[in-house]
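Heads up, the thing below is written out as structure tokens.
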Amino acid sequence: MPGPGAPPAMPLPAGTEPVSARGGTGSLEERLARVETRIDFLSDYTALSVIPQSLTLSSPSAVEAGAVSIPWGSLRRLLQIPESRWDVWAAGTVLSATSAITVALVYVADDQTDYVLGQQTYAANAVRQKVQLGPFQLRGSFAASAGVPQNEAIVTFGIAGQMVTGGHSATLSAWTLWVRQSPRRG
């Protein structure tokens, strides 16, 4: 260890700096905050196809267009992340040339009640539109406030469609549900 009058240490040759310093700008607290943020946004995405082909809807009543089920009761003990940090969202296409259509992301309860997590109405358009819904909490406080049961062993969620005006039809295609670990919620 150099004494009090020793010259400062020479910088390390390029490429030999400690791994922890590469690209590390800012204080230790700032760098640690960036690491925590990256961990919070881990890329744990799971895609679940629910309408791989096309489905034509013509009902002015809500029609479940596709759904998936996850054995939450079996998997929950393997997951090390709080239930409130799992989000679900959907993406697909809508083609409705003559009437608006409402598409909803729904939770299907054991008693077959559909709880709407979120929905969007799309205007009539002669061109197929790429759209998305969400993300919405799959479990936790937001889902509970929407009426979603929090104690079901198997969670089922899906897409429901409804024509705004009867006597018309629309086509939903290529819909996929996505499940992901969400960032930390305070």
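The values are calculated or read from the model by the stated rules, or taken from the named source; none is laboratory data. Since the model is a prediction, treat every value here as computed from it, not as a measurement. Reconstructed Cβ throughout: ideal geometry from the backbone, glycine too, with neighbour counts over all protein chains shown.
What tally of residues in the range 85-109 results from selecting those that are out of contact with any Pro (no Cβ under 6 Å at 6 or more places or on another chain) and farther than 14 Å from Gln119 by Cα? Going through the range 85-109 one residue at a time, the tally reaches 9. Here Ser141 passes the criteria (1) surrounded by 18 or more Cβ atoms within 10 Å (Cβ to Cβ); (2) over 23 Å from Thr56 (Cβ atoms) except the one numbered (1). Output the residue which, of all residues in the range 144-186 that are β-branched (Val, Ile, Thr) and under 23 Å from Ser74 (Cα atoms), is surrounded by the fewest Cβ atoms within 10 Å (Cβ to Cβ). Across the range 144-186, the extreme among qualifying residues is Ile154. Applying the selection to the range 19-71, what residues are acidic (Asp, Glu) and at pLDDT below 75? Selection gives Glu36, Asp40, Asp44.
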